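Note sheet for the following structure.
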Amino acid sequence: MALLNENYLKLQSSYLFSEIAIRVKQAESKNVGRKIIKLGIGDVTKPLPNSCLKALHKATDELANEATFRGYGPEQGYDFLREAIIKHDYNSRNVHTISADDIFVSDGSKCDSGNFQELFSLSNSIGVTDPVYPVYVDSNVMAGRTGSIIDGRYGNLQYINCSSENGFTPLPPNKSLDIVYLCSPNNPTGTVMDKELLTKWVEYALKHKAILLFDAAYYAFIRDEQLPQSIYEIPRAEEVAVEFRSYSKTAGFTGTRCAFTVVPKQCLVYDKSGTPHKLRDLWFRRQSTKFNGVSYPIQRAAEAIYSVEGQKEIKDLSDYYLENSRLILEAFSSAGLECYGGKHSPYVWVNAKRDSWEFFDKLLNEAQVVCTPGVGFGACGSGYVRFSAFGKRENVIEALSRIKDLF
Ligand SMILES: *Cc1c(COP(=O)(O)O)cnc(C)c1O
């Protein structure tokens, strides 16, 4: 008899998005004569930059020719891409502590941030912020690091509460944790951690010999030069932090699939006897066993992002979404609702001043606009909703005009 991994039974069914789908369908069937506008989804709507497309076509043609054909690529990704990453994403911001052999190109930050926990003992204490991107939690549940879920919280997982009190940017806790997931700019709250706060987290990790798993999927939305785009802008972060980056939101690669993870060789983990090991070498072992890389044309398309043309195109892309963010933020702020994010992020997090689902229903039934109930991201998201700026401008404007007199 094939027995299952019982940890999967602990997982809460993906109630949030299925429940949204059910309610949207009901609203659609009422057919009030205007279309439903979705400001809930975290997927992009703008097409691929032209520079990426050109590189993709060219590299695809190379594969059709025996002289330029390529099969399996290098385990960590092609040098041309890893070197472009180091030069343009890090050296340009004065980060010189990491190098191309710390970069692991992959097909997504969702898989990398979900898989990374495999490298750590099941006995580690795991910290997640609440509200949180669900991948960090569910991957630890699947691995067996948690108890069952009670009132929206898994036993044995350490929740770091975020609220209006800490501006949804939490300080390190007083107790010791081994692994902590951080995401900045944050999904779902849109808040950004500044240098001072990130420095506290790095100091915390150094003190406790902990590892920070830093998700920077939204770094391209940061416009304030003072805000860190990478955790490695903080001194000594390379000793304690892994960084996840993705081209999904930066360059419209959600369907194309390319991302990378930085695991600096200075970053150490310990065995039971206290002997240090390089985390980088463990991730190399894991990836070379279970992953066979991203296709050559896609890596060429990602490289093109770093060309002069590509840099301009991705700036224009994020500028477009940031303007949507600004409009959403302005609309809810002027309606007198307390808002977070929306400035260096494609998400606006709104205090609904009522139950998340009640707000969701009101918006759906009276304005035919869809948002995401914050409670779906954790108990601390209760009473909040998330708006995504990834829609088309005309839809955002139409949605906001419908909402105008609702609150
Ligand atoms: C969208 C997103 C990612 C990117 O995931 P991919 O698998 O690279 O598409 C990573 N982290 C967060 C928090 C996200 O919202």
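A compact table of results
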quantity: Filter result (over 14 Å from residue 186 (Cβ atoms) and not polar (S, T, N, Q)) within the range 218-234; calculated: 220, 223, 224, 225, 232, 233, 234
quantity: Any hit, the range 35-46, residues being in a strand (DSSP E or B) and touching a residue at least 12 places away in the same chain (Cβ under 8 Å); calculated: yes
quantity: Out of 159, 219, 232, sole residue that is farther than 28 Å from residue 311 by Cα and touching an Asp or Glu at 6+ places or on another chain (Cβ under 9 Å); calculated: 159
quantity: Subset tally (residues that are away from the ligand (no atom under 16 Å from the Cβ) and in a helix (DSSP H, G or I)) for the range 210-223; calculated: 0
quantity: Top-ranked residue in the range 27-51 [being modelled with pLDDT of 95 or more and loosely packed, with under 13 Cβ neighbours inside 10 Å; ranked as nearest to the chain's Cα centre (by Cα)]; calculated: 47
quantity: Selection count where residues are touching a Ser or Thr at 6+ places or on another chain (Cβ under 9 Å), of a type in the set (Phe, Trp, Tyr) and outside any strand (DSSP E or B), scope the range 104-157; calculated: 3
quantity: Number of the exception - residue 197 against (1) farther than 30 Å from residue 252 by Cα; (2) not in a loop (DSSP other than H, G, I, E, B); calculated: (1)
quantity: Residues satisfying the stated conditions in the range 83-101, i.e. surrounded by 19 or more Cβ atoms within 10 Å (Cβ to Cβ) and either without any contact (Cβ under 8 Å) to a residue 40 or more places away in the chain or touching a Lys or Arg at 6+ places or on another chain (Cβ under 6 Å) (or both); calculated: 86
quantity: Index of the failed condition, residue 66 passing every other in (1) crowded, with 19+ Cβ neighbours inside 10 Å; (2) at pLDDT 95 or above; (3) more than 16 Å from residue 305 (Cβ to Cβ); calculated: (1)
quantity: Number of the exception - residue 276 against (1) surrounded by 23 or more Cβ atoms within 10 Å (Cβ to Cβ); (2) without any contact (Cβ under 8 Å) to a residue 40 or more places away in the chain; calculated: (1)
quantity: Long-range neighbours under 9 Å by Cβ, at least six apart or interchain, first residue more than 19 Å from residue 347 (Cα to Cα) within the range 396-407, second of a type in the set (D, E, K, R); calculated: 402/34; 402/366; 406/362; 406/366; 407/353; 407/362
quantity: Lone qualifier among 406, 337, 317, 400 - being farther than 30 Å from residue 76 by Cα, among the hydrophobic types (A, V, I, L, M, F, W, C) and assigned to a helix (DSSP H, G or I); calculated: 400
quantity: Criterion violated by residue 17 - all others in (1) touching a Phe, Trp or Tyr at 6+ places or on another chain (Cβ under 9 Å); (2) not in a loop (DSSP other than H, G, I, E, B) satisfied; calculated: (1)
quantity: Test for residue 207: is it more than 26 Å from residue 258 (Cα to Cα), free of Cβ contacts under 8 Å to residues at least 12 places away in the same chain and not in a loop (DSSP other than H, G, I, E, B); calculated: yes
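Here's the yes/no breakdown for (1) within 11 Å of the ligand (Cβ to nearest atom); (2) in a helix (DSSP H, G or I):
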{"site": "160", "(1), (2)": "no, no"}
{"site": "168", "(1), (2)": "no, no"}
{"site": "177", "(1), (2)": "no, no"}
{"site": "181", "(1), (2)": "yes, no"}
{"site": "187", "(1), (2)": "yes, no"}
{"site": "225", "(1), (2)": "no, no"}
{"site": "248", "(1), (2)": "yes, yes"}
{"site": "260", "(1), (2)": "yes, no"}
{"site": "266", "(1), (2)": "no, no"}
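The values are calculated or read from the model by the stated rules, or taken from the named source; none is laboratory data. Because the structure is predicted, anything quoted here is derived from the model rather than measured. Because the Cβ atoms are built from the backbone with ideal geometry, glycine has one as well, and the counts that use them run over all protein chains shown.
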